[in-house]
Amino acid sequence: MKKIDFTYDIEKYEIFFFNQLSEKEKRLYAALEAMRSGYYGVKGVSVRLSINKHTIRRGKKELISGQLPFNNRIRKEGGGRKKNDINKQSY
């Protein structure tokens, strides 16, 4: 009977999964992986997932606080460029 090799490239699938997430979900997933990894977890996850270490730390703070906003918004309201009529100056 022939043995079947069941080795998977987990990092490849992890990166594929990570790229399907929204910004908030990426931040929380990276923070959870860093907490799971131990002492140098933030640096390792930062390199592995190509995400900034400050983003991971922000995610850790959100996880530890336990107060995650469960709304459908990805970003905070009011960010970005203002509407055109607000930016117009009267001459």
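The values are calculated or read from the model by the stated rules, or taken from the named source; none is laboratory data. These numbers come from a predicted model, not from an experiment. Glycine also receives a Cβ, built like all others from the backbone with ideal geometry; neighbour counts cover every protein chain displayed.
Before moving on, here are some points about what is shown:
- Selected residue [outside any helix (DSSP H, G or I), loosely packed, with under 10 Cβ neighbours inside 10 Å and in contact (Cβ under 8 Å) with a residue 24 or more places away in the chain] from 74, 51: 74
- Residue satisfying all of: in the range 32-91; farther than 26 Å from residue 16 by Cα, of a type in the set (Gly, Ala, Ser) and modelled with pLDDT under 90; farthest from the chain's Cα centre (by Cα) among these: 90
- Among residues of the range 1-19 that are among the polar types (S, T, N, Q) and assigned to a helix (DSSP H, G or I), those with a beta-carbon under 9 Å from a residue that is surrounded by 10 or more Cβ atoms within 10 Å (Cβ to Cβ) and at pLDDT 80 or above at least six positions away or on a different chain give the pairs 19/26.
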